[in-house]
Amino acid sequence: MPVDLAHLASLRRALDVAADLGAHYGATVVYAGVTAQTPGALGHNPKDFAARLDAFVAQESRTHGIAAEALALISHDPRIDLDRTLIKAVEDIGADLVVMASHIPNLTDYIWPSNGGTLAAHAKTSVMVVRG
């Protein structure tokens, strides 16, 4: 489950779907967040970002009663490398399913594909795109 810690409210529906699937199938939900090496709003460095992601994942685990893990990923430039970083992580951990939030398509989606659409097209595993 890719997560953007800066936009958790808009991810709630997909987060709930991922937790529900994890509980139903007794699966561990891996919450993946991508950050850069440089300081940002979510941490001064990747270690700070990872701590914030860990806290979020611990809360999701307690709230939903599921097994959960945090996967903090570092990208040179998350705006450009996000899809590639997530696809590599999916392959590296051997995920069975990716549950990912998406927005209602708009005009720009005809020019630039959404992250969910790109993962669905290029990942070697199933991708469930959940509209918020």
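The values are calculated or read from the model by the stated rules, or taken from the named source; none is laboratory data. All values derive from a computational prediction rather than experimental measurement. Ideal geometry is used to build each Cβ from the backbone, glycine not excepted, and the neighbour counts take in all protein chains shown. We work out accessible area using only protein heavy atoms, side chains counted, and drop any ligands, DNA or RNA first. Shrake-Rupley method; radii C 1.70, N 1.55, O 1.52, S 1.80 Å.
Here are some notes:
- The single residue among Ala58, Ala6, Ala32, Ala72 that is surrounded by fewer than 15 Cβ atoms within 10 Å (Cβ to Cβ), among the aliphatic types (A, V, I, L, M) and in contact with a Leu (Cβ under 7 Å, 6 or more places away or on another chain) turns out to be Ala6.
- Taken as a whole, the structure leaves Asp4 outside the set of residues that are closer than 24 Å to Gly116 by Cα and in contact with a His (Cβ under 8 Å, 6 or more places away or on another chain).
- Looking at Ala14, Ala19, just one residue is touching a helix residue (DSSP H, G or I) at 6+ places or on another chain (Cβ under 6 Å), under 23 Å from Arg131 (Cβ atoms), buried (at least 18 other Cβ atoms within 10 Å of the Cβ) and small (Gly, Ala, Ser), and that residue is Ala19.
- Region 75-91, residues that are farther than 23 Å from Val17 by Cα and open to solvent by 40 Å² or more (accessible area, probe 1.4 Å): His76, Arg79, Ile80, Arg84
- Given (1) open to solvent by less than 30 Å² (accessible area, probe 1.4 Å); (2) of a type outside the set (D, E, K, R); (3) modelled with pLDDT of 95 or more, index of the condition Gly116 fails: (3)
- Residues being surrounded by fewer than 17 Cβ atoms within 10 Å (Cβ to Cβ), over 25 Å from Arg13 (Cβ atoms) and of a type in the set (Gly, Ala, Ser) - total across region 40-55: 2
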